[in-house]
Amino acid sequence: MKLVHLTGHGAPPEVCKVVDAPDPVAGPGQAVVKIMACGINPADLLGFEGRYPGPEPLPAPCGIEGVGIVESVGEGGDLAVGDHVMMLPRANWAEKVCEDQANILPIPKSLPWRDAAQLKINPPTAAMMLTDYVDLKAGDWVIQNAANSAVGLHLIRFAKEKGVKTVNIVRRDDQIAPLKEHGADVVLVAGEDQAARMRAEIGEGAHVPLGIDAIGGAPTRWMADAVSDGGTIVNYGYLDGNPCQIEPGHLVVRGQTLTGFWLAGFMMKASRDQKVALYAEMSTAFESGRIVSPVEATYGLDQLAEALAHAWRGGRQGKILLTPNGPI
């Protein structure tokens, strides 16, 4: 059996290696899952670089997302051979994974693998950031950066369902039209003057109580400039690599709040029933077409370095997936 190990910290294509291991055997309460697809996420890549919590001690199996088919089960537990499932632990880039059934969630067999491979992180992150911090009302505005990311795409759709409008910050002009087609209300190229440009589009009186920041650094401050007095900025990403910047005037004079979101924090506290309900809802959102996340390319484990290089570079128009057991 083949699986991926993180061997050190550095450039992802260089520090992740495919290694051989014995086929796993399910013990009591466990299941062996044949992994069909895995999303490569920014959190994976940042962890490989040593800039985000990741596998340890090294070398260690890795890969936050993984979905597959139950191949065998040990005594006890509720799963059955042939079930489609999502893995909760963060060691899923492998042909097969053996895990306690308590850490494996059922998913619909009707959910395509390409969507299932993106189920674990991005949809609930988008949904929960819209509901957990601000009581948004129809007609409110939300501003987000990294808006062409999978989280950004989902947030646009979930906000529209609530009657909430979105201001979406991107890095390049060529990202504007695709986001407008996806349902974005306003799309702007990032810059220190983005708050002024936003107000020119939506009006000085428009209420913007929530900002969603995936980047940190100066873009956090630019977002605070745009958020209304008393509003909340939620940071959930490290893409800039620098600490979040915010002025004392944003906090003291304008009464804003800067806070953070980490899905893993919810997962550590949630009951199994809560997790099952959450991912049933997210699966339905994919299957109904309420949310859409394109896939740009898929790679086998024998193409690991190429897959990681593709995911690591900018300018993509969709997710990169690993398919450890062949094409899906």
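The values are calculated or read from the model by the stated rules, or taken from the named source; none is laboratory data. For clarity, every value in this text was computed on a predicted model and none was experimentally measured. Cβ atoms come from the backbone with ideal geometry, glycine included; neighbour counts cover every protein chain shown. Note: areas computed on protein heavy atoms with side chains; ligands, DNA, RNA excluded. Shrake-Rupley method; radii C 1.70, N 1.55, O 1.52, S 1.80 Å.
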Pick from Ile169, Ile215: which is open to solvent by 10 Å² or more (accessible area, probe 1.4 Å) and not in a helix (DSSP H, G or I)?
Ile215
Any pair with Cβ under 7 angstrom, 6 or more apart, that starts in segment 204-215 at a residue that is over 21 Å from Asn235 (Cβ atoms) and ends at one that is in a loop (DSSP other than H, G, I, E, B) and open to solvent by less than 10 Å² (accessible area, probe 1.4 Å):
none
Of the residues in segment 218-232, how many are among the aromatic types (Phe, Trp, Tyr) and either part of a loop (DSSP other than H, G, I, E, B) or over 30 Å from Glu49 (Cβ atoms) (or both)?
0
Residue check, Ala307 surrounded by fewer than 16 Cβ atoms within 10 Å (Cβ to Cβ) and at pLDDT 95 or above:
no
Long-range neighbours under 7 Å by Cβ, at least six apart or interchain, first residue under 11 Å from Gly217 (Cα atoms) and in a strand (DSSP E or B) within segment 233-260, second open to solvent by 60 Å² or more (accessible area, probe 1.4 Å) and hydrophobic (A, V, I, L, M, F, W, C):
Asn235/Leu258
All but one of (1) loosely packed, with under 12 Cβ neighbours inside 10 Å; (2) outside any loop (DSSP other than H, G, I, E, B) hold for Arg197, so report the exception by its number.
(1)
I'd like the full set of residues that are exposed (fewer than 13 other Cβ atoms within 10 Å of the Cβ) and modelled with pLDDT under 95, limited to segment 219-241.
Gly241
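Yes/no per residue for (1) farther than 19 Å from His250 by Cβ; (2) aromatic (Phe, Trp, Tyr):
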| site | (1), (2) |
| --- | --- |
| Phe158 | yes, yes |
| Arg171 | yes, no |
| Asp174 | yes, no |
| Gln194 | no, no |
| Glu201 | yes, no |
| Glu204 | no, no |
| Pro209 | no, no |
| Ala224 | no, no |
| Ile233 | no, no |
Hey, among Ile328, Ile320, Ile291, which residue is touching a residue at least 24 places away in the same chain (Cβ under 8 Å), under 19 Å from Lys120 (Cα atoms) and open to solvent by 50 Å² or more (accessible area, probe 1.4 Å)?
Ile328
Residues being open to solvent by less than 10 Å² (accessible area, probe 1.4 Å) and part of a loop (DSSP other than H, G, I, E, B): count how many of those fall in segment 141-166.
3
